[in-house]
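Q: First the structure, then my questions, so here it is.
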Amino acid sequence: MAAGAKFHGPFVSTGEEVGTGAAMTIQLDFKPIQINVYNRTRNSCAVWTQAMPADSMQLTLDSGAGTTDLSFVTTNAITAGQAGFIIGSNASINTASDVIYWSAFRSFR
């Protein structure tokens, strides 16, 4: 998958982006109920579900010290919209030139 590429299935969309360090809007044709963001460059991942507040995420990252750090982030994180979502400017998931993969799930109903 190349930067900017997207795949749209019946219940999930996936894509690859290049980090900007600023909030990035991902346009979809549905409101996601779960969003996963993976930063390949920084070896980190973030999850947002519809049960969580806007601009938040559960963040897991490799601290580089042989341990994995888990935290709940409440600023510059992930926000779902009616037709897509925003990947915030949190440096653990969105730094300029980083390779970012994402997946967004729609309701099965």
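Readers should treat all values here as calculations from the given coordinates under stated rules, not as data from a laboratory. Predicted, not measured: the structure shown is a model, and the values here were computed from it. Reconstructed Cβ throughout: ideal geometry from the backbone, glycine too, with neighbour counts over all protein chains shown.
Q: So if I check each of S103, S89, S56, which one is of a type in the set (S, T, Y) and under 17 Å from F7 (Cα atoms)?
A: One residue alone meets the criteria, S103.
Q: Here's a follow-up. Pull up region 48-85, narrow it to residues that are among the charged types (D, E, K, R) and out of contact with any Leu (no Cβ under 8 Å at 6 or more places or on another chain), then point me to the one that is surrounded by the most Cβ atoms within 10 Å (Cβ to Cβ).
A: D55
Q: Also: Do the conditions hold for G88, that is, is it closer than 22 Å to E16 by Cβ, buried (at least 19 other Cβ atoms within 10 Å of the Cβ) and of a type outside the set (A, V, I, L, M, F, W, C)?
A: It is true that G88 is closer than 22 Å to E16 by Cβ, buried (at least 19 other Cβ atoms within 10 Å of the Cβ) and of a type outside the set (A, V, I, L, M, F, W, C).
Q: If I filter region 59-76 for residues that are assigned to a strand (DSSP E or B), within 16 Å of I26 (Cα to Cα) and under 12 Å from the mean Cα position of the chain (by Cα), do I get at least one hit?
A: Within region 59-76, one or more residues are assigned to a strand (DSSP E or B), within 16 Å of I26 (Cα to Cα) and under 12 Å from the mean Cα position of the chain (by Cα).
Q: Of everything in region 1-52 that's touching a residue at least 24 places away in the same chain (Cβ under 8 Å) and hydroxyl-bearing (S, T, Y), which residue is nearest to S89 (Cα to Cα)?
A: Per the criteria, the residue is T20.
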